[in-house]
1. Of these, 43, 10, which one is at pLDDT below 85 and part of a helix (DSSP H, G or I)?
2. Which numbered condition in (1) surrounded by 10 or more Cβ atoms within 10 Å (Cβ to Cβ); (2) in a helix (DSSP H, G or I) is the only one that residue 68 fails?
3. List the number of the failed condition for residue 80; all other conditions in (1) exposed (fewer than 11 other Cβ atoms within 10 Å of the Cβ); (2) out of contact with any helix residue (DSSP H, G or I) (no Cβ under 8 Å at 6 or more places or on another chain); (3) touching a residue at least 12 places away in the same chain (Cβ under 8 Å) hold.
4. Among the candidates 33, 22, which residue alone is farther than 20 Å from residue 70 by Cβ and either at pLDDT below 85 or loosely packed, with under 10 Cβ neighbours inside 10 Å (or both)?
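The values are calculated or read from the model by the stated rules, or taken from the named source; none is laboratory data. All values derive from a computational prediction rather than experimental measurement. Heads up, the Cβs are rebuilt from the backbone with ideal geometry, glycines too, and the neighbour counts pull from every protein chain shown.
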């Protein structure tokens, strides 16, 4: 599961999911390297997701926001 954002209630739920799930909860792109080694399917999914996010960023109206690989320097959004 890839986490993009959460609130206080979501934080508690994510904590329980991390403790009880066999599937990884991905909160930072850099953590995916250790999961990529677990199977080719995950690696394909992850590379496709990164490409999609980078392509999407090219559509931003502001030129300064059109940057690739934002997954590696943005953290999940925490709502209060």
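1. Step by step, each of 43, 10 is checked, and only 43 is at pLDDT below 85 and part of a helix (DSSP H, G or I).
2. (2)
3. Among (1) exposed (fewer than 11 other Cβ atoms within 10 Å of the Cβ); (2) out of contact with any helix residue (DSSP H, G or I) (no Cβ under 8 Å at 6 or more places or on another chain); (3) touching a residue at least 12 places away in the same chain (Cβ under 8 Å), the lone unmet condition for residue 80 is (2).
4. 22
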